[in-house]
1. Would you check if there is a residue in the stretch A:416-424 being of a type outside the set (A, V, I, L, M), out of contact with any helix residue (DSSP H, G or I) (no Cβ under 9 Å at 6 or more places or on another chain), outside any helix (DSSP H, G or I) and buried (at least 21 other Cβ atoms within 10 Å of the Cβ)?
2. Being more than 30 Å from residue A:201 (Cα to Cα), buried (at least 17 other Cβ atoms within 10 Å of the Cβ), at pLDDT 90 or above and not polar (S, T, N, Q) is true for just one of A:339, A:291, A:270, A:261. Which residue is that?
3. Among (1) in a helix (DSSP H, G or I); (2) more than 30 Å from residue A:578 (Cα to Cα), there is one condition residue A:663 misses while meeting the rest; what is its number?
4. Keeping to the stretch A:684-700, report how many residues are of a type in the set (D, E, K, R) and either in contact with a Pro (Cβ under 9 Å, 6 or more places away or on another chain) or crowded, with 23+ Cβ neighbours inside 10 Å (or both).
5. Determine the pairs where a residue that is crowded, with 23+ Cβ neighbours inside 10 Å, located within the stretch A:66-84, has a partner that is among the aromatic types (Phe, Trp, Tyr) and part of a strand (DSSP E or B) with Cβ atoms under 9 Å apart, the partner being 6 or more residues away or on another chain.
6. Residues to consider are A:635, A:604, A:627; find the one that is assigned to a helix (DSSP H, G or I) and in contact with a His (Cβ under 7 Å, 6 or more places away or on another chain).
7. Could you tell me whether residue A:562 is open to solvent by less than 10 Å² (accessible area, probe 1.4 Å) and assigned to a helix (DSSP H, G or I)?
8. So how many residues does the stretch A:41-68 have that are in a loop (DSSP other than H, G, I, E, B) and aromatic (Phe, Trp, Tyr)?
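The values are calculated or read from the model by the stated rules, or taken from the named source; none is laboratory data. Note that the coordinates shown come from a computational prediction; the quantities given were computed from them, not determined experimentally. Cβ: placed from backbone, ideal geometry, glycine included. Neighbour counts: every protein chain shown. Note: areas computed on protein heavy atoms with side chains; ligands, DNA, RNA excluded. Shrake-Rupley method; radii C 1.70, N 1.55, O 1.52, S 1.80 Å.
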Amino acid sequence: MLLLVDMTENKPYQDPNIPQAFLKPYNAEEHETRIYKLWHDSGFFNPDRLPIRHQRPFTIVMPPPNANGNLHVGHALAITLEDIMIRFKRMRGFKTLWVPGADHAGFETQIVYEKKLEKEGRSRFKMDPQDLYKEILAFTLENKANMEAQVRALGASCDWSREKFTLDPKVIAETHRTFKKMFDDGLVYRGSRIVNWCSKHATSLSDVETESKEKTDPFYYFKYGPFTIGTARPETKFGDKYVVMHPDDKRYAEYKQGQKIDLEWINGPITATVIKDEAIDMEFGTGVMTITPWHDAIDFGIAERHKLDREQVIDMRGKLLPIAGEFAGMKITDARPKIVEKLKAKGLLVKVDEKYVHNVPVCYKCETVIEPQILPQWFVKMAPLAEKAIKAVDAKQVIFEPDNYRKIFLYWMKNTLDWNISRQIVWGIPIPAKICDSCSFAEPDLENELTTCPKCKATLRADTDTFDTWFSSGQWPLLSLGYSEGSDWKQFYPTDVMETGSDLIFKWIPRMVIFGLYLTGKAPFHTVYLHGLVNDASGKKMSKSKGNVINPTDLIVKYGTDALRIGLVVGNTPGTDLSLSENKIKGYKNFGNKLWNITRFVLTSCEGIQILSTNAPDHNGLTPEDTKLITELHTLVADITKDLEDYRFYMSAEKIYHYVWHTFADIIIEDSKAKIAGTDAIIKTSRQLTLFYILTTCIKLLHPFMPFVTETIWEHLPIANKKLLMIEKWPEA
RNA sequence: GGGCGGUUAGCUCAGUUGGUAGAGCGUCACAUUGACGUUGUGAAUGUCAGAGGUUCAAAUCCUCUACCGCCCACCA
C-alpha cells in the first residue's frame, strides 16, 4: 500500500506510477470502505488520540438514530452536516468529539415490533412482558448494527469508542437518579390527571404524540331540562350531571351557581347542578353544555376548578361501562346511533347538524381517536423548568440557526402543560417507583427497598410503566457524555452544536435545554442548528404510501457518498425544507470526477519539479500573474472559512464547487496549458507551483464536504511527511 | 382560531450589513481525439406575488393585500 508512506524527503517528485491511478475515472466504490477504515484505524475519530495541536474541545452529540429500521435521507443530511462541522473544526485544530448513539425509541420501536407481531398473528397483550422485552431487544440490537453500518457509509468521523445506546445500564441508572432528584425537588409528582389515551396501543401519550385530524360528524342538540345542549359525543353523556354556562351570559342569568334542577335524561330522571365557568364560549352552540370530566380536557379543567365529581364512562379498551345501563359493554362507535335513537324516542332530540367539521386528536401512529382518560401517572411540573429555559434563551446562552426557531421555542416554553412521563409499554426504561393501591402513596425507590406502604401499611407494588422516551432523550447530551461518572463530561460539556431536524424544535430541543439547566445549571449547547425536511424532487413529503421515499444507500451505491453529501448541502438553507432530485446528486458525482482529473492534470504538469509542502509558494519565485491568482484564492479561503464559522454550509459548498470547476479548471488550468508547454522556465515553474498550491488548498477546503475523494487524492499527492488529510491544517487566508 | 415560513429564470433554489438580479439542472447553437464527453465556449429567458411607504438608492427595511406550505389549538 502506498497509503501512509511518507514520501522520501527532499527528492523531486517523479514517481511515474502515481498518475496511473488517475487514468481511469474516479470510482467511489473502490475507495470509500478502505478510506473509512483508514480513518477509523488512525484513531483520530477519538479526540484523546488527536495530535497535540488539538487542545480546545469542540463537541457535537449525534441525535441518536432510531435503531428500528434503515436510515432515511433526512439522517443522511444530518450526519453530513454534523460531519462537515466536525471535520472543519478538526482541521482548524480543535479537539473534536462527535458522540454517536443509538436510540431504543420506546413507543416508536414497540409499534414497529407490534406490527411485526400482528403479521405473525400474535399480540403483545397475550405475551409475558419480560418475553416481549427480550424479543424487542434482540430486534433492536440487530437493527442497531445495520444502522451503524449506514452511518459509517456516510463517512461519519464520530468516535465509536464512545458510542452510547439509550438502554445502556449506566444510562438507565442516570435516568433513574434524575427521576428521584426531581421527585425530591418537587418537580415530579404522581397525580390523577386527564391524559391522552390510545385504546389500540393501550398507553397514554404526551401531547406531542397526538395529531389533529379533521373529521365531519353529526352534531346533536338535546333537551336537558330547561336547556338545549349541543354535543358531537352523546355516548359520553351518561354521567353528566353538571350543566355549565358563562357567568356573563344574560340568557341564563336566572340560573344560579349550584342550583339543582331535576330533569329526564338518557336512562331516567337525574338531578343536575348549575355551574358558571368562563371557559364556556357564549357564541358556540347554545352557550350551555354538560360536562364529562373523565373524558374531556376542558371538562376536566372545569371540574378541577369547581371541585366536581367525575365518573368514568368509557373503559380503557373503548367500551362503555355499567353506568351506561343497557349500552354497557358496547364499543362507543356502535353505541352512538343507538343512544341517539333512544333520546329521540324519549323526545329529547331537538335537532341534528349532519355536517359538523371539527378537529379530533388521534394517535400519531395509528390514527385511533384519542380517548381522554383520567389516570394516575407521573408528571413533570413544567412551569419552573420552562422559566429557566426562557431566561437562558433570552440571555442568548442558546442561539438558534435560523433565528426564527427561537420564537417557536419560546412560544412552546411559555405554554407548557405538565408533562405526563408514564407509558404503559414495556419497551423503555422502567419507572423505579413503588405504588400503593390502597392510598395515594407513590415514591421513587431506586434501591428496591420499599415493600409496605408507610402511610397505610398495605403492600406496595412496583410501577410497571416505563418512561416516555423523551424523558431520557431529553437528558441525552449529559447521558451520552457519562454525566457524573467520568471526565468526559467535565471536558466536553456543555457541548457546542445540536444539529437536528426542525420538527424536533418542540419535541426534543426544549427538553434538553430544560434538563441541562436543571441538572448542571448550564444549557447543553450554545447553538441549535435545525435542518429542514428532505422532500422529493417535486417538494412532496416522502412517505412509504406515496412510494417516493429516496433511500440514501441506493444513492451511495449509484453516485458515491461524496456526491450525496455535497448534493444534500448545496443550496440547502437551515430550517427550510429541501427538494431532492437524483439529478442533482448525479451532477456532484461528475464533480468528483472533475476534481480527479484536475489532479491528474496538475500532477502531470508538475512532473519533474520539486514540491514538498502545501504551504503557499514564496512570492519571489512567482510571476505577478500567479501572485494575483494566489491572492484571489486566499480571498476565497477567508470567505469560505467565515461561511463555515457562521453555519452557512450551503454557501461555502457552492463557492468551493464553483471556484474549482469554473475558475480553477475552466480559466486557470486552460490558461496554464500554454505556459506549461512554453519555453519560459520562470513562467513555467511559477505556474507549476501555483497550480499545485491551488490544488492542495482546494482539496483541503473540499474535505469536509467530500471526504472520500479528497482523502484519496491526498494519498497520491507528492508531499513530504504526509499524514491523513483529515487532520491536515485548514488553509490560512 | 393562533403562530411561523414562503412567493426571484422552464424546474429546484441562492442572494450575509439596502448599491442597477445569480447558481445548478433544463433548453438552443457551436466546438472538440483535449486533464476530464462525467467536456468546453456562447446564447435565450426575470415589471424579484400585488399595492403603498422610508431612502440618493429596495428582491433586501416598514405597512397592507392575495395565494401556497407547515406547525400549534381544550369551541363542547
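1. Of all residues in the stretch A:416-424, those of a type outside the set (A, V, I, L, M) come to A:416, A:418-420, A:422-424.
Narrowing the set further to residues that are out of contact with any helix residue (DSSP H, G or I) (no Cβ under 9 Å at 6 or more places or on another chain) leaves A:422, A:424.
Next, from what is left, pick out any that are outside any helix (DSSP H, G or I): A:422, A:424.
From what is left, the residues that are buried (at least 21 other Cβ atoms within 10 Å of the Cβ) are A:422.
Yes: one or more hits.
2. Numbers: A:339 fails: more than 30 Å from residue A:201 (Cα to Cα); A:291 fails: more than 30 Å from residue A:201 (Cα to Cα); A:261 fails: buried (at least 17 other Cβ atoms within 10 Å of the Cβ).
Testing whether each residue is more than 30 Å from residue A:201 (Cα to Cα), buried (at least 17 other Cβ atoms within 10 Å of the Cβ), at pLDDT 90 or above and not polar (S, T, N, Q) leaves just A:270.
3. (2)
4. First pass over the stretch A:684-700, keeping only residues of a type in the set (D, E, K, R): A:684, A:687, A:700.
The next check asks that each one be either in contact with a Pro (Cβ under 9 Å, 6 or more places away or on another chain) or crowded, with 23+ Cβ neighbours inside 10 Å (or both); those that pass are A:687, A:700.
Matching residues across the stretch A:684-700 total 2.
5. A:67/A:165; A:81/A:529; A:82/A:98; A:82/A:529; A:83/A:98
6. Values: A:635 fails: in contact with a His (Cβ under 7 Å, 6 or more places away or on another chain); A:604 fails: in contact with a His (Cβ under 7 Å, 6 or more places away or on another chain).
On inspection, the qualifying residue turns out to be A:627.
7. On the way: open to solvent by less than 10 Å² (accessible area, probe 1.4 Å): yes; assigned to a helix (DSSP H, G or I): yes.
So residue A:562 fits the description; yes.
8. Within the stretch A:41-68, the first condition is being in a loop (DSSP other than H, G, I, E, B), and the residues that meet it are A:43-46, A:50-56, A:62-65, A:67-68.
This time we only want the ones that are aromatic (Phe, Trp, Tyr), so: A:44-45.
Residues in the stretch A:41-68 being in a loop (DSSP other than H, G, I, E, B) and aromatic (Phe, Trp, Tyr): 2 in total.
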